[in-house]
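*Asks:* Here it is: the structure, laid out below.
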Amino acid sequence: MNPYASWLDGRDPLAIIQETSSLVKAAVDAHQAAGTIDRPRAAGKWSLRQVLAHLADTEIVFAMRLRQSIAEDDHIIQPFDQDAWARGYAEAGVETALAVFTTVRAWNVQFIRAQPEAAFARSLSHPERGTMTFRTLVETMAGHDRNHLSQMALTSSAQTPA
C-alpha cells in the first residue's frame, strides 16, 4: 500500500523526484521574499521552515531505505515518528536543510538511476503498510514530494505543482 500514490497523477515518479529540488528552492525563495518562512499555512500546520526540515530528514531516511532495499533480501523498513522528529524543526536552519535535501536527493536520484530494471521488483516490507517493492518506495518518494510541495505554496489554496 502506498499512501502517496494518489499524488502521482500518472506521472513518472523518477521525473517528479528529479525536479523536486528546484521546486523546493523556488518555494524557499518565494517565502523568504514574502517574509513567510515561519508562518504556518493554517492553524496547527507546519511552516515552510518545518516542512523543509522534514524533507531533509526524510531524504536521509529514504537514502537508507533505498540502499537497504537493494542490499538486503526482503528488507523490513524501520518506521519513524515524524512528530517526535519535528520537535526541533522550528529552529532548523533553512539554508542547511535545503542543502541537505538537495545534496542527498541528488545522491538518491543517482542511486535509483543506476539500478537495473529488475531491481524495481525487489520485495521489501513496511510494518504499517505491508509488502511493497523498490518501485513502490520510489513512487512513495515522489508522492511525498508532491504532497509537501503543495504545502509549500505561498497560499494554502494553491494547487500542487505539476
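*Asks:* When region 59-91 is examined, which residues are found to be farther than 16 Å from S21 by Cα, of a type in the set (G, A, S), surrounded by 14 or more Cβ atoms within 10 Å (Cβ to Cβ) and at pLDDT 95 or above?
*Replies:* Answer for region 59-91, where residues must be farther than 16 Å from S21 by Cα, of a type in the set (G, A, S), surrounded by 14 or more Cβ atoms within 10 Å (Cβ to Cβ) and at pLDDT 95 or above: just S69.
*Asks:* For region 65-162, give me every one of the helices (runs of 4 or more DSSP H) that falls completely inside it and has 1 or more residues that are of a type in the set (S, T, N, Q), more than 20 Å from A15 (Cα to Cα) and touching a His at 6+ places or on another chain (Cβ under 8 Å).
*Replies:* The qualifying helices (runs of 4 or more DSSP H) are 82-85.
*Asks:* Still on this structure, I have one more. Among the residues of region 1-9, is there at least one that is part of a helix (DSSP H, G or I), closer than 13 Å to Q151 by Cβ and either modelled with pLDDT under 95 or in contact with a Leu (Cβ under 8 Å, 6 or more places away or on another chain) (or both)?
*Replies:* Yes, region 1-9 contains at least one residue that is part of a helix (DSSP H, G or I), closer than 13 Å to Q151 by Cβ and either modelled with pLDDT under 95 or in contact with a Leu (Cβ under 8 Å, 6 or more places away or on another chain) (or both).
*Asks:* Scan region 43-64 for residues that are small (G, A, S) and either more than 21 Å from A26 (Cβ to Cβ) or part of a helix (DSSP H, G or I) (or both) and jot them down.
*Replies:* A43, G44, A53, A56, A63
*Asks:* From (1) β-branched (V, I, T); (2) over 23 Å from E139 (Cβ atoms); (3) assigned to a helix (DSSP H, G or I), pick out the condition that doesn't hold for I37.
*Replies:* Single failed check for I37: (3).
*Asks:* Also, I was wondering about something else. Got a sec? Which of A56, A33 is farther than 17 Å from L154 by Cα and either touching a strand residue (DSSP E or B) at 6+ places or on another chain (Cβ under 7 Å) or small (G, A, S) (or both)?
*Replies:* Answer to the check: A56.
*Asks:* Another question about this same structure. Being free of Cβ contacts under 8 Å to residues at least 12 places away in the same chain and closer than 26 Å to F111 by Cβ is the requirement here; does A43 meet it?
*Replies:* Judged against the criteria, A43 is not a match.
The values are calculated or read from the model by the stated rules, or taken from the named source; none is laboratory data. Keep in mind that what you see is a predicted model, and the values were worked out from it rather than measured. Methodologically, a virtual Cβ is constructed for each residue, glycine included, from the backbone with ideal geometry; neighbour enumeration extends over all protein chains shown.
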